[in-house]
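**Q** Have a look at this one before I ask anything.
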Amino acid sequence: MTDTLVPVFAALGDETRWSILAALGEGDASASALAGRLPVTRQAIAKHLAVLQEVGLVEPVRVGREVRFRVVGATLDATARRLEALGAEWDARLAAIRQIAESL
């Protein structure tokens, strides 16, 4: 499980990549369009998009001669489900500790 989460969180740990992902949440966009909206060069945007694509958070979509990127919701959903499961495990552990402490 962590072997798939770590690369995703590493990608999301960069503020620029997070901003790109948030911008793509509003709709598909090309690297040039994203560079127009964010204080980053188109070349830097392209590199960040490559990282996000590598971990499965975005995918390229060809529209005519332009390549736009879109968020892969399934990857975000799977990540959220894994985090929720991890949280549930911790809740169960804490409940067991609480029960032991209260029985003393």
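The values are calculated or read from the model by the stated rules, or taken from the named source; none is laboratory data. Please read these numbers as outputs of a predicted model, since none were measured by experiment. All Cβ positions, glycine included, derive from the backbone under ideal geometry; neighbour counts span all protein chains shown.
**Q** With the checklist (1) surrounded by 13 or more Cβ atoms within 10 Å (Cβ to Cβ); (2) without any contact (Cβ under 8 Å) to a residue 60 or more places away in the chain; (3) in a helix (DSSP H, G or I) in hand, flag the one item W90 doesn't pass.
**A** (1)
**Q** Separate question: Tally the residues that are surrounded by 17 or more Cβ atoms within 10 Å (Cβ to Cβ), assigned to a helix (DSSP H, G or I) and either at positive phi or of a type in the set (A, V, I, L, M) (or both), restricting the search to region 68-83.
**A** 0
**Q** Here is a further query. For region 11-23, indicate whether the set of residues that are polar (S, T, N, Q) and over 15 Å from the mean Cα position of the chain (by Cα) is non-empty.
**A** No, there is no match, as no residue in region 11-23 is polar (S, T, N, Q) and over 15 Å from the mean Cα position of the chain (by Cα).
**Q** I'm told V61 meets every condition in (1) touching a strand residue (DSSP E or B) at 6+ places or on another chain (Cβ under 9 Å); (2) modelled with pLDDT under 95 except one. Can you identify the failing condition by its number?
**A** Evaluating V61 over (1) touching a strand residue (DSSP E or B) at 6+ places or on another chain (Cβ under 9 Å); (2) modelled with pLDDT under 95 leaves (2) as the failure.
**Q** With the condition kept exactly as written, say whether any residue in region 8-21 is closer than 20 Å to R82 by Cβ, in contact with a Phe, Trp or Tyr (Cβ under 8 Å, 6 or more places away or on another chain) and surrounded by 15 or more Cβ atoms within 10 Å (Cβ to Cβ).
**A** Looking through region 8-21, at least one residue is closer than 20 Å to R82 by Cβ, in contact with a Phe, Trp or Tyr (Cβ under 8 Å, 6 or more places away or on another chain) and surrounded by 15 or more Cβ atoms within 10 Å (Cβ to Cβ).
**Q** Ok, one more. Does at least one position in region 45-57 carry a residue that is without any contact (Cβ under 8 Å) to a residue 40 or more places away in the chain, in a loop (DSSP other than H, G, I, E, B), β-branched (V, I, T) and over 13 Å from W18 (Cα atoms)?
**A** No: zero hits.
**Q** Here's something else I'd like to know. Residues of region 64-100 being touching a strand residue (DSSP E or B) at 6+ places or on another chain (Cβ under 7 Å) and more than 18 Å from V6 (Cβ to Cβ), which ones? Can you show your working first?
**A** Start the filter on region 64-100 by keeping residues that are touching a strand residue (DSSP E or B) at 6+ places or on another chain (Cβ under 7 Å), which leaves 66-72.
Matches in region 64-100: E66, V67, R68, F69, R70, V71.
**Q** Could I ask something else about it? Consider only pairs whose beta carbons are under 8 Å apart and that are at least six residues apart or on different chains; among these, list those whose first residue lies in region 8-34 and is outside any helix (DSSP H, G or I) and whose second residue is aromatic (F, W, Y).
**A** What qualifies is D28/F69; A29/F69; S30/F69.
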